[in-house]
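Step one of this worksheet: look at the structure below.
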Amino acid sequence: MENSLLKKTYFNDEIDPDKIKTTRDKIERADVICVFGLSLGDSDLTWRNAILNSLTNFREHHLFLFDCQLACEQGLLVNDKLDSELLKRDTILQSRGIQDTEKYVNKIHIPCGYKIFNIADIIENYSKKIV
């Protein structure tokens with residue numbers, strides 16, 4: 001498994017370095033980063049580092065992370081949802097060696113039980129306006 005992780009990170013930089021640089025630049029310039037389908041685990045080291053560097057270096061940058069498990073947690077009490085979000089955030093940060101996770105409390109958002117990336121209603125409403 002570890003060998004595969006190294007390969008993915010290596011190929012990210014080697015196959016299309018211009019695309020990687022362009023994406024890193026966009027991440028750095030973005031005030032809000034929405035992540036869907038990216039675990040930010042070791043296999044996503046390239047992107048995890050770019051995103052966390054952006055959050056560290058720019059006071060107003062925010063990350064919204066869709067986590068399938070947390071998004072599907074319906075029926076939790078508000079306190080339980082908050083605990084789940086904070087635990088996930090701390091796990092991501094600690095995996096990068098960041099122990100001072102409190103400074104990210106208001107920068108990393110992992111909503112529980114919400115369909116934050118479900119744009120079907122938006123598309124439907126927009127279509128109705130055009131007709």
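Could you calculate the FRET efficiency of Asp31 with Leu77 from 1/(1 + (r/R0)^6), where r is the beta carbon distance between them and R0 is 35 Å, rounded to 0.05?
0.65
Any of Lys26/Lys88; Lys81/Lys128; Lys19/Lys128; Lys26/Lys103; Lys21/Lys88; Lys19/Lys107 with alpha carbons more than 30 Å apart? Name them for me.
Lys81/Lys128; Lys19/Lys128, as the Cα separations exceed 30 Å there.
Give a residue-ordered list of calculated ³J(HN,Hα) values for segment 87-103 (Karplus: 6.51 cos²θ - 1.76 cosθ + 1.60, θ = phi - 60°; whole Hz; x for Gly, Pro).
Values per residue, Gly and Pro as x: 5, 4, 4, 5, 4, 4, 5, 5, 5, 9, x, 8, 8, 7, 7, 5, 6 Hz.
Counting Lys +1, Arg +1, Asp -1, Glu -1, what net charge surrounds Gly37 among other residues with beta carbon under 12 Å of its beta carbon?
-2
Throughout, read-outs are computed from the coordinates displayed, never taken from laboratory work. Fair warning: this is a prediction, and the values are worked out from it, not measured in the lab. Cβ sites come from the backbone with ideal geometry, for glycine too, and all protein chains shown count toward neighbours.
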